[in-house]
Amino acid sequence: MPAGSLSGSLTGSRIRQRRVALGFRQSALAREVGISAAYLNLIEHNKRRIAGKLLADIARALKVDPSVLAEGAAAALVGSLRDAAAALPASQPGPLTGDDRAEEFAGRFPGWAAVIAAQRRRIRHLERLVEGLTDRLAHDPHLAASLHEVLSTVTAIRASAAILVEPGEIEDEWRDRFHRNIHEDSQRLAESSRALAAYLDASGAETETTGAPQEELEAWLEAQGYHLPALEAADPPDPETLAQGAPELTSAAGRALAGGWMRRYRRDAEALPLDGFAAAARALDRDPGALAARFPGAGMAAILRRLAALPTPDGAARIGLAICDSSGALTFRKPLADFPLPRYGAACPLWPLYQALSRPLTPVRAALEMAGEGRHRFMAYAVAEPVGPPGFDAPPVFEAAMLIVPDARMRMPGEAVLQVGTSCRICPLKDCPARREPSILADPA
Amino acid sequence: MSKRVLLIEDEPNIIQAIGFILSRDGWTVDSHADGETAMAEIRRRAPDLVILDVMLPNRSGYDILSDLRADPALGAMPVLMLTARGQSRDREQAERIGASRFMTKPFSNTEMLEAVRELVAS
């Protein structure tokens, strides 16, 4: 048996070894990556081959590079060295001219090679953190309003205090007024700065929540796996009652959004009952076009939403969903690890989501490749449909939905694949005709 | 007769402080706190200078400045823009629309006074 095959056939063993070392229960890991414990058990005993998205998900859960699981530590080390060299700006001298000798280096100096690999992982982690924070500083409306409040209060205090300490006479009435103003503003500043600190604490880049109503809804749906069995029943509970019992929905606005989302979920469930739709989705490989033909009265947008709300079958990849309004603002996000959906600001204008907005009621499909490391591929299915009942003398209001399906198919030569990003600020694509602003990524690839 | 400044700002204590500083220097200061009705107030008072905050209730200072510059009767009026954001793109936007001067909060009283004197003198 060739060495490569032997190495690959032991992927399951490496997964098990790593999981046990981390003290992870098999059922917990299975749940985290969206497969059954029984299926994970088969993988861990090397009775099921694993690759692609599921391998990447498991590697992420186990905090290890996928190549370590797939190929073993030595190959992963060489891969990390090459990644580190490739990440250097083109202007800096690196070892990638001709013979890179990475294997020789890793073999002779495994300790130093491990240090470089660890540094590369650390740099990548910090880059992601910076991307997120920069995106947030530029676009988070809550942060902008909080900072404005703090700076305005500081301005009032500074101006009043300067008047009091400047030389010259000042009437008692004015002096008292400015003392009072400084006292009031200092209290206000204390409150607004405390609120700002609490907001930043609650929404650290690691936890990635901001306390905004839309994010409460998404955190709650994420915890449910975006599937709500209670609303699939013949006699479902009142959405408001369900929202009241959800710990993630802490604000009235969050609960109101969730109520609206659940009412639509229920309508979708009535139009496309779970058992029949799930069976058809399995049989038709979750193809929205084929499902639209099978359920002609349901509407394409409902089919896209319904597919994103189905439990992920064992061994299958999670499906993402993005919904935007007529302005292009994302109103709902079910992100994928390799297809992030921006929290603030506008998304990539090349997405089929936005093409669909310009062609209402016409389904749009495209093969996509996400720019950046990994260059993961997806099939995206999008459609824009009117919101609310039709009426005269009212502006048309549309909403577009885009289903994002990881795509591991082999490509035919010449098959078109559209390169897209997440948002311009953190997109490495060069010479993009749709770029709005420069990328913060230095020396984009 | 003293020169007149219209301060369009919604923070009462900033209004008091700027009003005091300018009044002590001999200016007549009026204030207005609402963005939506700010243009009507500028037309009514026809001041020698407008100090305009960017973030106002109901309408942004940028929109007000655009309207002001498009009005033949008011287009040449000096406008000092105030903002709590000091990013270069805010400054660029203010200058593109036609701000005479751009000042970032928090500013010093001396800086404010000198800017007002210079803008009206020029």
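Every read-out reported here was derived from the displayed coordinates using simple, explicitly stated rules and does not represent laboratory data. Keep in mind it's a predicted model, so treat the numbers as computed, not measured. With ideal geometry, Cβ positions are generated from the backbone for all residues, glycine too; neighbour counts draw on all protein chains shown.
Here the calculated FRET efficiency for A:Thr331 and B:Val120, from their Cβ-Cβ distance with R0 = 41 Å, stands at 0.30, rounded to the nearest 0.05.
Remark on the protein assembly as shown: Rg and Dmax equal 29.6, 100 Å (Cα only).
For the peptide B:50-56, the mean number of other protein chain Cβ atoms found within 10 angstrom of a residue's Cβ is 1. Does region A:290-341 classify as rounded, prolate or oblate by the C-alpha gyration tensor (a ≥ b ≥ c root eigenvalues; a/c under 1.5 gives rounded; else a/b over b/c gives prolate, otherwise oblate)? The shape class here is oblate. Shape class of region B:8-85 from the Cα gyration tensor (axes a ≥ b ≥ c, square roots of the eigenvalues): oblate, since a/c reaches 1.5 or more and a/b does not exceed b/c. Assuming charge only on the beta carbon of Lys and Arg (+1) and of Asp and Glu (-1), the dipole of region A:280-361 about its Cα centre is about 140 debye to the nearest 20. The helix-only estimate of mean residue ellipticity at 222 nm for the protein assembly as shown, built from DSSP H runs of length n ≥ 4 each weighted as -39500 (n - 2.57), is -15500 deg cm²/dmol after division by the residue total. Each Lys and Arg Cβ is given +1 and each Asp and Glu Cβ -1; about its Cα centre, chain B then shows a dipole of about 220 debye. Cβ crowding within 10 Å, taken as a proxy for footprinting-reagent exposure, orders A:Ile123, A:Ile50 from fewest neighbours to most as A:Ile123, A:Ile50.
Sorting A:254-265, A:21-32 by their mean Cβ neighbour count within 10 Å, with the most densely packed peptide first, gives A:254-265, A:21-32. Annotation: the residues B:Arg44, A:Arg60, sorted from fewest to most other C-beta atoms within 10 Å of their own C-beta, follow the order B:Arg44, A:Arg60. Residue by residue along B:104-116, Cβ atoms of other protein chains within 10 Å of the local Cβ number 3 on average. Look at the alpha carbon pairs under 8 Å that are at least 6 residues apart: their mean separation over the length of chain B gives a relative contact order of 23 percent. Excluding same-chain neighbours fewer than eight residues apart, the lysines reachable from A:Lys334 by a Cα-Cα span under 21 Å are A:Lys53. Each of the peptides A:12-18, B:50-56, B:25-31 was scored by the mean count of other Cβ atoms within 10 Å over its residues; in descending order, highest first, they stand as B:50-56, A:12-18, B:25-31. The alpha carbon gyration tensor of region A:316-445 gives principal lengths a ≥ b ≥ c with a/c of 1.5 or higher and a/b greater than b/c, which makes the shape prolate.
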